[in-house]
Amino acid sequence: MPELPEVEVVRRGVQTWAAGRTVETVTVHDSRSLRRHIPADPTRTPVEDFTGQLTGATLGTPARRGKYLWIPFVPACSGGTPPALLIHLGMSGQVLMEEQRAPAEKHLKVTFDLGPLYKDAGAPGQMRFVDQRIFGHLLISPLVDADHASGSVPAVAVHIAQDPLESGYEAETLFRRLRSRRSGLKRALLDQTVISGIGNIYADEALWLAKLHYARRTETITRAEAMRLLSAVQQVMRAALEAGGTSFDSLYVNVNGASGYFARSLECYGRAGQPCRRCAAAGLTTAVRREAFANRSSYWCPRCQPRPRNGRW
DNA sequence: AGTAAATCCTGCTTGC
DNA sequence: TGCAAGCAGGATTTAC
């Protein structure tokens with residue numbers, strides 16, 4: 001559920017409340033949240049290696065690409081580029097700042113006890129990772145230079161494409177990737193190696209805004225359509241970010257504990273059977289439709305986003 | 001090689 | 001009332 005805007009909200013929270021602090025102790029309550037952590041020391045278990053590397057490390061400025069969030073360790077005087085703590089929220093992951101005395105959440109997975117935050121002595125003592133469905137995960141990964149990156153990215157995330165809110169994102173790159181692919185348009189939008197940060201909800205919102213059908217063949221996309229789609233994606237995500245990251249699903253809570261996605265702002269997703277708002281504004285009545293798609297759902301307006309008929313499947 | 005389906009996981013909702 | 005099936009979905013794994 002958390003997509004780019006929600007992850008960015010978490011990143012900002014981490015920057016405010018955790019950057020510059022030292023990890024004093026780490027407690028792993030459920031090792032499944034570390035299933036993707038590969039020990040740097042092969043004689044250690046993932047939990048031992050994870051806690052060992054983190055204990056005593058100082059957290060730097062958090063960074064993000066698409067739905068991937070990572071916190072580089074602050075380099076020690078003795079040189080070498082340190083790794084980063086990578087956080088992926090999956091669909092139900094939360095990062096919470098809590099007092100140590102606060103009761104454990106039902107789905108608490110990892111607790112980080114943090115040293116003082118010098119700019120704010122009242123900062124909560126713990127950063128917690130809570131995740132009901134365990135699609136999220138934490139790991140420690142070395143940072144490497146990616147050829148298209150302005151900075152460095154975790155080695156485990158080098159395959160992730162730039163996201164549409166990165167400065168200098170090239171619309172032409174998206175156009176070329178869509179044209180060279182033989183697939184449906186929404187499938188391509190959800191492929192994080194094509195463009196990153198888009199999930200099921202904002203994919204439907206952006207397609208609605210751009211008036212494109214989700215199953216439109218990517219190899220027939222025109223340059224103008226690709227530009228229109230990218231603009232729609234950026235518009236939807238900027239609006240979400242402005243709203244503070246939203247989630248009608250109470251599973252998603254941002255780092256400050258406030259709740260998530262902005263349900264009222266959704267124009268299309270989840271509105272099956274309800275009138276398309278753009279059609280309604282034009283005096284027409286068209287019901288939003290829902291169809292099964294790749295183990296989930298797609299929502300679209302049959303008038304605004306008609307299925308292509310001219311052989312462009 | 002490139003695309004698509006299957007899979008992981010839990011809790012809420014729906015149907016019989 | 002109770003149980004079972006259905007649904008939600010990000011990203012990796014497996015299959016074609």
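No value in this document is a laboratory result; all are computed from the given coordinates. Only a predicted model underlies this, so the values are computations on that prediction, with no experimental measurement involved. Methodologically, a virtual Cβ is constructed for each residue, glycine included, from the backbone with ideal geometry; neighbour enumeration extends over all protein chains shown.
Please state the shape class of chain A: rounded when a/c is under 1.5, otherwise prolate if a/b exceeds b/c and oblate if not, all from the C-alpha gyration tensor. Prolate.
Under a 5 Å amide H cut-off, with hydrogens placed 1.01 Å from N, A:Ile87 pairs with A:Leu69, A:Trp70, A:Ile71 among residues at least 5 apart or on other chains. Highest GNM mean-square fluctuation among A:Arg128, A:Arg216, A:Arg11, for chain A modelled with Cα contacts below 10 Å: A:Arg216.
In the structure displayed, which of A:Lys186/A:Lys211; A:Lys67/A:Lys109; A:Lys67/A:Lys119 lie more than 21 Å apart, Cα to Cα?
On the way: A:Lys186/A:Lys211 13 Å; A:Lys67/A:Lys109 19 Å; A:Lys67/A:Lys119 28 Å.
The pairs that break the limit, which is 21 Å between Cα atoms, are A:Lys67/A:Lys119.
Model label points for A:Asp191 and A:Arg307, set 7 angstrom from Cα along the Cα-to-Cβ axis, are 2.2 nm apart. By the Cβ-Cβ criterion of under 4.7 Å, the unpaired cysteines of chain A are A:Cys77, A:Cys268. Just check the stretch A:99-144 against the gyration tensor rule for me: Cα atoms, a ≥ b ≥ c as the square roots of the eigenvalues, rounded for a/c under 1.5, and otherwise prolate or oblate depending on whether a/b exceeds b/c. Here the stretch A:99-144 falls in the oblate category.
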